[in-house]
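Reading through the structure tokens given below for one structure.
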Amino acid sequence: MAAPSGIELSEPTPLLRWLENDPVGVVLGSIDPIEMWGLVAISALARMDGGAPLRVSLDSNSRSCGFARAVGFEGVLSGTGAQGTAPGEQGRTVKLARIQRHSATEPPSDEISRLLVPEPRFEDTRRTLYYVLNELLRNVVQHSLDPLGGIVGAQLNRGGRNATQPMVQVAVADAGLGIPASLQSRHRLADARTALEKSLWPHISSAFDEGETGSAQNAGMGLFFISEMTKLVGGRLVIATRGATLMLQGDEDFENPHGIQQLLSGVGYPGTLVAFEMPAEAAQDYDGMIETIRERAAERTPRRAIHKWLSFEAPPEGALKFVVRSTGVEDARAAQRFAEEQLLPRLVKRQPVALDFVGISTCTQSYAHALLYEALRLAWARKTPIFILHAQPAVRSTLELLENYALGG
């Protein structure tokens, strides 16, 4: 089977069908156009320190080869390129980079989103990209089981199919076990297509059994949030894994809240590949979007508790206050350690504590979960509220959703 002559996210199946056939090699110069997600998909399978890498030839002066060289494709394959993120051309590309297993995901997510969207007037676009990147990278480092980690890349597309509406595109890929195998041990799944469809439900994860709403490490909300963001920004999402592919197109006119979704069986990726794109310059309302997603998730979350143990009022005199940004909590694992060492011991003793979110505009569900999931359950058990200060609207929505499912499942 011949390699596709062009790679665009609007038509992902030619590349995916070709990769599913386990090709030996590809002449990159024969592909035009090629988008960043295509380079990410190919590079995750072509790393030279892998078992049987896909061989890639860049022996031409074609546009695709020039683009690949410019974004560090060769260095990523050989392992001599960036192990974290690396600058590309600010406001246009972010160089391909390897993300190692067990790495922190917040710093590279922040760096990539700021490189790709540097203008303050598009801050809500940057916050959305940060959220998406952080969740995708977290899936790689925690769940893929790929010993080489994953590949991430991003670009701003202004030409070709995006000539009239520039789009920002981010992509993450790994050559790990894939979504169906990851979920199979804890969920009733008939096939890869069912597994992929179910992965977009809230509270679906390989970290806890079906019917539960989270473990201490995982909320099972990442792909649900990303898919809902796709619909709300009029973007595009492709998730390809072993045996199945999901394509979701948000309605650019925002008349269809569900977008257009297509699930394909027998078309997949040898691992997991996720590509997300959204309008680069459209007006966005990040806070409103997070609140809408919170409401949609709450509708699908079982609730058995009605008491509220997060208090957004002033704490009592003598409460110990932690300013979240100055605690050294920079990623989900650090947040969980902070909870175990600082919050839980005080809640056991019914000592009031307050968390000050001053200066924090974006808080992913994964981060909030790691920080407060066990603390909220203990607060309920010990009848001791946790006080929250200076939570911006999107942060408050995230925390309220966390409380809803932490006490409901």
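The values are calculated or read from the model by the stated rules, or taken from the named source; none is laboratory data. On a predicted model such as this, the values are computed, not experimentally measured, just so you know. Note that we place each Cβ from the backbone using ideal geometry, even for glycine, and neighbour counts take in every protein chain shown. The protein model used for the area step is the full one, side chains on, heavy atoms only, and it has no ligands, DNA or RNA in it. Shrake-Rupley method; radii C 1.70, N 1.55, O 1.52, S 1.80 Å.
Here the label points at Ala314 and Ser78, each 7 Å from Cα along the C-beta direction, are separated by 6.3 nm in the simple model.
Close amide H contacts of Thr105 (hydrogens built in the peptide plane, cut-off under 5 Å, sequence separation of 5 or more or a different chain): Ala332. Per residue, the chain reaches -11000 deg cm²/dmol at 222 nm when only DSSP H runs of four or more residues are counted, each adding -39500 (n - 2.57). Does a label point 7 Å from the Cα of Ser60, set along Cα-to-beta-carbon, have any residues of region 1-39 with amide nitrogen under 12 Å, and which are they? From region 1-39, the list is 3-6, 26-34.
Couplings 3J(HN,Hα) of region 12-25, computed from phi: x, 5, x, 5, 5, 4, 5, 5, 5, 7, 6, x, 8, x Hz, in residue order, whole Hz [Karplus 6.51 cos²θ - 1.76 cosθ + 1.60, θ = phi - 60°; x for Gly and Pro]. For the chain, carbon and sulfur atoms together expose 48% of the accessible surface, with a 1.4 angstrom probe and every protein chain in place. Solvent-accessible surface of the chain, taken per residue with a 1.4 Å probe and all protein chains present: 41 Å².
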